[in-house]
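Asks: Got a structure here, written out as structure tokens. Questions coming.
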């Protein structure tokens, strides 16, 4: 079994992407990057360690991306 780990800094947290201070343009840029560079490239088993707070796995967060887009944060 290969365990994949990823340190996401402040880009991905349990429940959403990083804080973009309510700036719609910054949010759009960040979520596009997170989808392209994480969700589209790494398997569900990849464990994510944010810059602070709790850790998570891509498989746990992936189903929520459309909800994050809809809420805009």
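Each reported figure results from applying straightforward, stated rules to the coordinates on display, with no laboratory input. The structure presented is a predicted model; accordingly, all values stated were derived computationally and were not measured. Here Cβ is always computed from backbone atoms with ideal geometry, including for glycine, and neighbour counts include all displayed protein chains.
Asks: When the residues of the range 1-22 are narrowed to those that are out of contact with any strand residue (DSSP E or B) (no Cβ under 8 Å at 6 or more places or on another chain) and over 17 Å from residue 70 (Cβ atoms), which ends up surrounded by the most Cβ atoms within 10 Å (Cβ to Cβ)?
Replies: Only one residue tops the list, namely 19.
Asks: Moving on. Any residue at all in the range 45-61 that is in a helix (DSSP H, G or I) and either without any contact (Cβ under 8 Å) to a residue 12 or more places away in the chain or more than 25 Å from residue 4 (Cα to Cα) (or both)?
Replies: No: zero hits.
Asks: Cβ contacts < 6 Å: first residue under 19 Å from residue 4 (Cβ atoms), restricted to the range 20-40; second residue surrounded by 13 or more Cβ atoms within 10 Å (Cβ to Cβ), any location; separation 6+ or different chain. Result?
Replies: 34/11; 34/12; 34/17; 39/62
Asks: If I filter the range 12-27 down to residues being assigned to a loop (DSSP other than H, G, I, E, B) and farther than 17 Å from residue 44 by Cα, which single residue comes out as nearest to the chain's Cα centre (by Cα)?
Replies: So the residue we want is 18.
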